[in-house]
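One structure below.
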Amino acid sequence: MKGGNVGRFWGGQFSFFLAAILFTTIFLWCWEKNPLLTSLLSAQDQFIMQPSEISVDESAVSLRSNEQIVDEHSNSQIVEGRIEENRLKVSDSSVKNVTVPSYTKRRDDKKVLTSQLERKACNFAKGRWIAESRRPLYSGFKCKQWLSDMWACRLTQRTDFSYEGYRWQPDNCEMPDFNGSEFLRRMQNKTVAFIGDSLGRQQFQSLMCMVTGGEDKLEVENIGWKYGLVKPRGAVRPDGWAYRFPNTNTTILYYWSASLCGIEPFNVTDPATKSAMNLDQPPGFLRKYLDQFDVVVLNTGHHWNRGKINANRWVMHVNGKPVVDRKLAEIGNAKNFTVYSISRWLDTQITSRPQLKAFIRTISPRHFSNGDWNTGGRCDNTIPLSKGNEVQQEESSDPVIGDAVKGTKVKLLDITAISELRDEGHISHYSIKASEGINDCLHWCLPGIPDTWNELLYAQL
């Protein structure tokens, strides 16, 4: 009886042992034949790579669904160093070309994927001024061929030049170092035109010094005649200048147009005649030569006051008739009307000339204190960034220009807020009219702040 029970016991154990061996054999055979079972392993166990070991080829990675799009408002965690099988499909042949995204650590210690999909729109006017030993970009002593003496502060009695040693660093935009040769190469066979008031002329002279490194360039050709930019008899200066660099066939020019309106004398033979200030028309020079321009930078602002308009003998016109609407005739409204008008006109021109890049530069700030230019106003600060070094606002400090270009293909060259912080960079009482008690707290020393405007232009081209 006992022997029978023992036999049955060992027989059952033997059967169980055989069944286990059979099951294990079948399982291992299926494991080898069916790779899908490997999905039971974690992504980390299957495929772990360090970012430094992998080069990137975006074409080798395909997004499988809309779940790949990173919502900047989402706080979903991405495990650093892992490639998740259900998010990325990578072929064996392309593994060596796979780009592993970089990761940025948030304040809450969550790690989020940084890619072009989640980058915010670039705002070059949001950032900070930082010290830079590689400034200035050219010599204020040597750039005599292009730079007016009245703006070359190195040639005046000024002794402190600390304002030259800073550069602008946007928060979320790449700001390439300016290179004159590279600029000319990029602008090969192209024409860059500055059209505006004397601050536009400063930006033009700044760019000429930056491109040439401040050195005399005998091979640069004066082609002002091609655009009618010759000095009229009895005039102090021509209406503008144009220079061509033969090696790249690049032309850089400036034309004086303080209001950006179409100005038409009532009597072309009478120098003392009044002129129609056509608020709804761009300058005749711009209309005539626009098809020859590839980059246009416009500015206006400081001549929009009753004194300047009366001194220039301008009479506001719209639709070919004098403005009788008192509301439109107000200086601020007339300026707004003009800026919106030229923005819309440029937008239509870009539609038919896709290669054209048009910018409207915001107003350059004045820093007069205790009076204006003709009432004893001064700007004596020489300490850089005494007002701070950061701009964190999203909207432009020149809302007229900022709003005018919205909805158009015209770009904003926003320099107002960043220049507002640099009150130590003006010509101040070193002006050529200082003996008359006049301080220049409008124009800038060169080298100086307008160089940064051109760096921003360079970055946005």
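The values are calculated or read from the model by the stated rules, or taken from the named source; none is laboratory data. These numbers were taken from a predicted model, which means no experiment stands behind them. Cβ sites come from the backbone with ideal geometry, for glycine too, and all protein chains shown count toward neighbours. Side chains included, ligands, DNA and RNA excluded: accessible areas come from the protein's heavy atoms. Shrake-Rupley method; radii C 1.70, N 1.55, O 1.52, S 1.80 Å.
Assorted remarks:
- Here the dipole of the stretch 158-205 is about 300 debye; that uses its Cα centre as origin and unit charges on the Cβ of Lys and Arg (positive) and Asp and Glu (negative).
- Per-residue packing, averaged as other Cβ atoms within 10 Å, sorts the ranges 278-284, 205-211 into the order 205-211, 278-284, beginning with the highest.
- Cα lying deepest toward the dipole's positive end in the stretch 340-391, options 341, 383, 373, charges on Cβ: 341
- Ranked by how many other beta carbons lie within 10 Å on average, peptides 388-395, 292-299, 141-148 from highest: 292-299, 141-148, 388-395
- Near the amide H of residue 191, within less than 5 Å, lie the amide hydrogens of 251, 294, 295, all on another chain or at least 5 residues away, with H placed in the peptide plane.
- Share of pairwise Cα-Cα distances greater than 19 Å in the stretch 381-436 is 49 percent (whole percent).
- Residue among 208, 245, 232 farthest towards the positive dipole end of the stretch 181-259, charges placed on Cβ: 232
- A simple charge model with +1 on the Cβ of Lys and Arg, -1 on the Cβ of Asp and Glu and nothing else charged puts the dipole of the stretch 187-304 at about 160 debye relative to its Cα centre.
- Accessible-area composition of the stretch 192-342, carbon plus sulfur, in percent [1.4 Å probe]: 49 percent
- Backbone N within the stretch 393-437 under 20 Å of label point (7 Å from residue 352 Cα along the Cβ vector): 408-411
- Working ranking of peptides 320-333, 437-450 by packing, defined as the average number of other Cβ atoms within 10 Å per residue, highest first, is 437-450, 320-333.
- The share of alpha-carbon pairs in the stretch 126-259 lying farther apart than 17 Å comes to 66%.
- Net dipole in debye of the stretch 303-357 [+1 Lys, Arg Cβ; -1 Asp, Glu Cβ; about Cα centre; nearest 20]: 120 debye
- The residue list 173, 272, 189 was ranked by how far each Cα lies along the charge dipole of the stretch 145-287 toward its positive end, using unit charges on Cβ atoms, and 272 comes out on top.
- Three semi-axes describe the equivalent ellipsoid of the stretch 247-323; taken as square roots of 5 times the Cα gyration tensor eigenvalues and ordered largest first, they are 26, 14, 13 Å.
- Note on residue 223 and residue 130: the model spin-label points, each 7 Å out from Cα along the C-beta direction, lie 3.9 nm apart.
- The candidates 346, 461, arranged from most to least accessible area with a 1.4 Å probe in the full protein assembly, appear as 461, 346.
- Phi-derived couplings, Karplus 6.51 cos²θ - 1.76 cosθ + 1.60 at θ = phi - 60°, listed residue by residue for the stretch 382-391: 10, 8, x, 6, 5, 9, x, 10, 10, 10 Hz, with x used for Gly and Pro.
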